[in-house]
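So the structure is just underneath, and the comments pick up after that.
The values are calculated or read from the model by the stated rules, or taken from the named source; none is laboratory data. None of the values given here were measured: they were computed from a predicted structure. Cβ placement follows ideal geometry from the backbone for every residue including glycine, while neighbour counts extend to all protein chains displayed.
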Amino acid sequence: MGETNGGHVDLAMRVLDAHVAFTKQQLRDPAGFLEFVTEEIDGMLDEAAVLTLAQAVTREQIKAVAHKFAVQVPVEGAIPELVGEIVTRLYNHRANDEIEVGELVDPRRFDELIDAVADLDVTHRLVRLILNSPVTVDACVEAVQRAVVTAVDDGKHAEGSSLTRSLRGALSRLAEPAMPAIENGVGMITRTGARFVLRGNSGDADEVLIDSARETWRKHTGDAVGSFREVVSADDVEDIVVLVFEFWRTFRDTEYFRALLDEGIDGVFDKYGDTPLAELLGELGVGRAEMIEEALRFGPPALETLDERGYLDSMLRRRLAPFYASDAFRAAVADAGR
């Protein structure tokens with residue numbers, strides 16, 4: 001009996017060695033790896049052609065994963081720091097100083113884009129909303145009132161000849177006691193005028209905005225992309241990153257966000273639940289050729305590194321050895337010997 005067991009162990013070790021060597025050769029040989037990848041992808045796609053999304057996973061499983069990574073996983077430590085460092089590197093990249101704004105989007109294409117944006121109904125509604133808003137009128141009133149106050153204040157410190165300074169100073173001193181009434185009157189007149197002007201020009205507002213955008217773009221097409229640093233500093237970028245993360249940490253924990261997340265997943269399943277996975281992959285732009293291409297791009301270098309470090313052999317043995325040491329293997333060998 002012991003001799004039989006010893007024979008099984010010896011056979012198991014020899015077969016294990018042969019199995020590991022065969023698998024390594026299959027994975028490391030370019031032709032063998034291509035054959036392996038092609039067979040596996042074709043087999044997977046054959047199954048995916050009849051297996052639908054709803055049959056493969058449930059919407060509850062996807063929701064659980066989405067909630068875990070979108071809501072529960074902490075956005076702390078390395079993630080914000082890494083994002084900040086990457087944004088800083090992009091901000092300081094030399095390409096910003098070498099590439100002109102006009103190289104990003106040519107003038108003809110920009111005109112098409114700005115026309116398309118201007119033709120959107122939402123654009124018209126936003127412009128109307130801003131022009132008809134009491135807040136816009138209040139801003140006009142405040143600007144004019146501040147201009148009046150500033151003019152009176154500047155009169156106290158007027159420059160020029162002695163006569164000019166005397167006249168301006170006298171007018172400012174006379175106007176100062178009446179400033180509350182002046183401000184009130186200016187406010188009433190400005191408010192009425194602002195409403196009239198804004199309503200009267202609402203029809204031309206879209207064209208004005210389009211022309212302003214075009215003119216601004218054309219004035220800066222020859223500037224380097226890095227000229228934006230004159231407006232946005234590195235500290236500004238860092239502050240924006242911090243604000244975005246602070247907003248996201250709060251927003252993702254709201255019932256509103258959870259409801260939107262669940263509804264989005266339900267929408268995907270309602271539309272694609274009965275769609276075969278192969279067809280769904282095709283609609284996402286992932287086909288057989290793309291899968292094989294990426295497998296050949298990443299597979300061989302990764303396997304080469306694993307093999308050079310001895311990891312490939314140990315990994316294969318770790319996965320295969322339990323079978324050759326099992327009762328199932330001994331039983332299969334015993335049955336074959338009868």
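The figures follow:
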quantity	calculated
Residue count for the range 242-267, restricted to those that are free of Cβ contacts under 8 Å to residues at least 40 places away in the same chain and within 17 Å of A66 (Cβ to Cβ)	9
Any pair with Cβ under 8 angstrom, 6 or more apart, that starts in the range 98-115 at a residue that is assigned by TED's automatic domain parsing to the domain that holds W217 and surrounded by 14 or more Cβ atoms within 10 Å (Cβ to Cβ) and ends at one that is in a helix (DSSP H, G or I) and of a type in the set (K, R)	F110/R214; D111/R214; I114/R214
Helices (runs of 4 or more DSSP H) (entirely within the range 1-113) containing at least 3 residues that are among the basic types (K, R)	2-28
Single residue of D274, D270, D307, D327 found to be out of contact with any Leu (no Cβ under 8 Å at 6 or more places or on another chain) and touching a residue at least 12 places away in the same chain (Cβ under 8 Å)	D307
So T192, is it among the β-branched types (V, I, T), in the same structural domain as R109 (by TED's automatic domain parsing), at pLDDT below 65 and surrounded by fewer than 16 Cβ atoms within 10 Å (Cβ to Cβ)	yes
Every residue from the range 293-318 that is of a type in the set (D, E, K, R), closer than 28 Å to D10 by Cα and surrounded by 12 or more Cβ atoms within 10 Å (Cβ to Cβ)	D307, D313, R317
Hits in the range 280-292 - residues which are surrounded by 12 or more Cβ atoms within 10 Å (Cβ to Cβ) and either touching a residue at least 12 places away in the same chain (Cβ under 8 Å) or over 27 Å from T58 (Cα atoms) (or both)	L280, L281, R288, M291, I292
Filter result for G84 (farther than 30 Å from D262 by Cβ, modelled with pLDDT under 90 and not assigned by TED's automatic domain parsing to the domain that holds V286)	yes
Condition met for V268 (surrounded by fewer than 13 Cβ atoms within 10 Å (Cβ to Cβ) and either out of contact with any Pro (no Cβ under 9 Å at 6 or more places or on another chain) or among the hydrophobic types (A, V, I, L, M, F, W, C) (or both))	no
Top-ranked residue of the range 28-50 - restricted to ones that are of a type in the set (G, A, S) and under 14 Å from P300 (Cβ atoms), ranked as surrounded by the most Cβ atoms within 10 Å (Cβ to Cβ)	G32
Residue check for V57: closer than 25 Å to G264 by Cβ, of a type in the set (A, V, I, L, M, F, W, C) and either surrounded by 14 or more Cβ atoms within 10 Å (Cβ to Cβ) or without any contact (Cβ under 8 Å) to a residue 24 or more places away in the chain (or both)	yes
